[in-house]
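Shown next, in structure tokens, is the structure this report addresses.
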């Protein structure tokens, strides 16, 4: 896949029109994980728009986005930054050996209180 | 046999860039009936019109087709041209090859082919045109202004100064509108009341102006020059002619817990009240929802104390009917409801306020006598955060898609005034863009930053919440790429504005076009910006689009100029494109009269000759051409095909259809 | 009254009691929760990618089953509710997803979003009625309780249509119905840290502590939630600032079951 | 020979659009001044109000070989002539059913409301209509048997 194709693919998977963004920054004003995002929610939208996906694919932020939908809910232009983050994360985990969490890492972290829901959702988000 | 001339306009490159105008003119030459076909760079110019006039005379043309811009733009121009050359102005048809062709197509062949069809269609129509004579109708020399804010006041004063009678219909108990609520006005910071109230007094004292306050337009009939308007005068339970405005009733009224709407609900007022000290008319009004006497029948205290005997609990709504030549709509705006913006905590926190509420808090005549005290505890706020674009430029469905235009400037004004009056106050402004075009406007905003040290933060607020008695304003700072939280004492929301909701009813009554944001549509965005497409109806102020006071006043004066121009005429030419019955075919069934929205159709008994010297009297439809608006509803309803519409006859439209479909 | 019920993974394993309590309470209130046959895990998170089909199929299967059994599908876990409701919306409005999902599943009759997805709280509100709960309460809980909504029930509000996304009231109404005093606090609709807990403990710790501290500041003595993952994060990563319980536990306490 | 004629250029429908002077014609003008394109085979006839459109005009268009006919008027409640578009709506509902009955697909006719401010909508409506008609293919041509061939 060429880089251009990859950019188009990410745009398509995200299902969101990044050109609608008016760069107000409300998403980043609301993001509860802001401090743990090395690339900020509004940057995901603008950088995808500019085609700067290499940095996005390498970002730590894709593992820290909570998918809480706060940015989607507040966006005044109907853009969904969380869907862009997810499209980038999907693209990463679909690559060979790029899973966010390895199976062997899990047993040591699991305590007896951890609900199945946490394991399932984290696995869904981080792995393919 | 018709002799048709065709004139294809280049419109500079607007048409010529995508339509091969020479080819169009050349191809059309061979159309049956066409005796002359020419193209020219600007047909609407002096030279272009001269060309048309000359061709009409030289070639003895009986009808012309101009292939140019939209007929909504220059049909009137070319009709005048034809008339000047001695051709009946209704023997002109326009083929719209700009808006409907060159501007929307890129391919030259395709656009040229379409232009040819459009011109052929116009030729097909013009061949069936008949010379029409416009009738005349008298002009009632009186204007109606709907809305008594600064737009209505200015329009009324200008019209009245030219010597015409004007009525202002205002739905509230006083004129003054939103401007009366403001504290200072940008960019010069004069006090709003100081510049508005003298104009209000001028209105009241002007012998040509009649203020109908606490009244609403109920019904509109007629047309330009001859509107007949029914106005509801709402019962105020106080005799306007007797009340002296002494306010003793307000002192004595036991029901004092009504929300003071003039102060944006920030304090209370009695059931009987005068909205504010400088109200015009300075006459009390009773809120029937709040008045103990009107609700329970017991009380009557105000009546006892009123020395003028002005209180009348039995008062009912009354109606007046008046005739007007022209109508100015100036219904104004309101800030939007903030139900969809709970992230800013407006509903839960008293100290999150709208900008209009801040105006009242800063106003010397407001609930705090002009001392800035926050609503929750009456203390001086030390940190104030402004949030811009609350509900503006929002296409998510929660707010309004447009820019409200005035917020950048009034927020700069608020920030500056606060820093001026209370230098120990910290002021922050979250903004997306600062939009301050206009004379001395950007300078004004820069003064807030440079001279008054207002902290402008490029970013948007995501959440406002209360923590330990402080308002925490969490937002982004895009310049620093940070998320920040500002501990504030007061948060001010620059709330989007929308047209006053009553505009919908007014628009329906006037059959004035309205857009999806409830703004009234102007006739032409650039060249006819104060006229509604409905003849005789003019638009002033925010009802037509967001604007500030200087723009509103300009538009109001422009409306006045248009109205004066109209009222100065004694007679108006009427639209000759009206319905006409073929009496021989009419069987008097009344269906056309039933669908006519204007009551233009009546029935007359007429004598018809039958063969053999016999006659019969039949009931047939008759159209009053002064009342008919030419919509054509009757022509389709008529079961016998009696009714036709001049200028848009069935035969003409049929031939247009044929011309389009011909391959 | 019988309603098809989708329990979800957590309530069948770690939190069996919550499932049991919920059924007991419902039966006291006249609703029989009928677990659908052969349900599969919904995946716990809604896959936002427009090309995700397979990951939505278990939700479609459950929805289709409910369609044939009364037309309503009851959920108890907020995550299941979020996934199933959003998938249902896709099946209703997204032609492409509907076509492809039906192509995979080869159902007797194509599924097009006909089922109504109902959260237990919505069931209490609309089917039972909070007034009737009030009448059935034996031990009114005379304490100050903070409702924690989190994200999944509320957002995206256009699809979830659960309550006002910034100023919700349904759990507060529920607290009133069981005799408690609701405490409104600003962080009730903020994220607890969610699934990131598995990879990065710090983030859920900050978020959960912030939520509980906010509730405590406004006077809550206890916080309730409708999501097992929120429950876990607030309990384990919330520094014990306040006790946290599943909302059905309080319902059971109030009803005396 | 036959090869050649069947290989002729792809089908481009011929579409007649009736637009009322006050809203939709102005909307079409706005689409133009905003350079919002729609296919060239849409040709507009200006009428004072959508209620001026006699059902026979629509039939005439189909007789003359139109593949689609669209009527545009002001939004309900916003008619410049107060109630004209309500008449249009009722008359055309009847006509379209009748056309369907005669074997002309209902989709070939349409009534749309476009305001003077909705240039975007005008363009979108026309694009969509042309797409629908192109998918439907060429229309059966109605013939007036009262008139002899070639007249």
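Results, tabulated for the structure shown:
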| item | result |
| --- | --- |
| Index of the failed condition, residue B:45 passing every other in (1) closer than 14 Å to residue B:82 by Cβ; (2) without any contact (Cβ under 8 Å) to a residue 24 or more places away in the chain | (1) |
| Any chance residue A:31 is within 14 Å of chain B (Cβ to nearest Cβ) and either over 14 Å from the mean Cα position of the chain (by Cα) or surrounded by fewer than 19 Cβ atoms within 10 Å (Cβ to Cβ) (or both) | no |
| Every residue from the stretch B:97-133 that is outside any helix (DSSP H, G or I) and more than 19 Å from residue B:39 (Cα to Cα) | B:104, B:105, B:106, B:107, B:127, B:128, B:129, B:130, B:131, B:132, B:133 |
| Residue B:431 being closer than 26 Å to residue A:34 by Cβ, at pLDDT 95 or above, touching a strand residue (DSSP E or B) at 6+ places or on another chain (Cβ under 8 Å) and surrounded by 19 or more Cβ atoms within 10 Å (Cβ to Cβ) | yes |
| Any hit, the stretch C:231-238, residues being in contact with a strand residue (DSSP E or B) (Cβ under 7 Å, 6 or more places away or on another chain), away from chain B (no Cβ under 14 Å) and surrounded by fewer than 24 Cβ atoms within 10 Å (Cβ to Cβ) | yes |
| Positions within the stretch B:81-102 being under 32 Å from the mean Cα position of the chain (by Cα) and either surrounded by fewer than 24 Cβ atoms within 10 Å (Cβ to Cβ) or closer than 13 Å to residue B:7 by Cα (or both), in sequence order | B:81, B:89, B:90, B:92, B:93, B:94, B:95, B:96, B:97 |
| Filter result (in contact with a strand residue (DSSP E or B) (Cβ under 7 Å, 6 or more places away or on another chain), assigned to a helix (DSSP H, G or I) and away from chain D (no Cβ under 14 Å)) within the stretch B:64-96 | B:78, B:79, B:82, B:91 |
| Search result, residues across the stretch C:184-207 that are touching a strand residue (DSSP E or B) at 6+ places or on another chain (Cβ under 6 Å) and either more than 27 Å from residue A:115 (Cα to Cα) or in a loop (DSSP other than H, G, I, E, B) (or both) | C:185 |
| First in the stretch B:287-311 and free of Cβ contacts under 8 Å to residues at least 24 places away in the same chain, second anywhere and in a helix (DSSP H, G or I), Cβ under 6 Å, 6 or more apart | B:300/B:293 |
| Among (1) farther than 30 Å from residue B:536 by Cβ; (2) in contact with a strand residue (DSSP E or B) (Cβ under 8 Å, 6 or more places away or on another chain); (3) crowded, with 16+ Cβ neighbours inside 10 Å, the one test that residue B:281 misses | (1) |
| Residue in the stretch B:435-467 that is farthest from the other protein chains (Cβ to nearest Cβ), counting only those that are assigned to a loop (DSSP other than H, G, I, E, B) and either touching a strand residue (DSSP E or B) at 6+ places or on another chain (Cβ under 7 Å) or closer than 13 Å to residue B:488 by Cβ (or both) | B:454 |
| Segments classed as helices (runs of 4 or more DSSP H), wholly inside the stretch A:69-128, with at least 1 members that are touching a strand residue (DSSP E or B) at 6+ places or on another chain (Cβ under 7 Å) and surrounded by 14 or more Cβ atoms within 10 Å (Cβ to Cβ) | A:70-74 |
| Some residue of the stretch B:289-310 being surrounded by 22 or more Cβ atoms within 10 Å (Cβ to Cβ) and under 31 Å from the mean Cα position of the chain (by Cα) | no |
| Unique match (being over 26 Å from residue A:17 (Cβ atoms), out of contact with any strand residue (DSSP E or B) (no Cβ under 7 Å at 6 or more places or on another chain) and not assigned by TED's automatic domain parsing to the domain that holds residue B:263) among B:368, B:395, B:425 | B:368 |
| Members of the stretch B:316-348 that are away from every other protein chain (no Cβ under 14 Å), at negative phi and surrounded by 18 or more Cβ atoms within 10 Å (Cβ to Cβ) | B:324, B:325, B:326, B:327, B:328, B:329, B:330, B:331, B:333, B:335 |
| Hits in the stretch B:157-186 - residues which are in a loop (DSSP other than H, G, I, E, B), touching a helix residue (DSSP H, G or I) at 6+ places or on another chain (Cβ under 8 Å) and surrounded by fewer than 20 Cβ atoms within 10 Å (Cβ to Cβ) | B:162 |
| Residue list for the stretch B:530-547, restricted to those being out of contact with any strand residue (DSSP E or B) (no Cβ under 8 Å at 6 or more places or on another chain) and modelled with pLDDT under 95 | B:533, B:534 |
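The values are calculated or read from the model by the stated rules, or taken from the named source; none is laboratory data. Quick caveat, the model's predicted, so the values are computed rather than measured. No Cβ is skipped: glycine too gets one built from the backbone with ideal geometry, and neighbour counts run over all protein chains shown.
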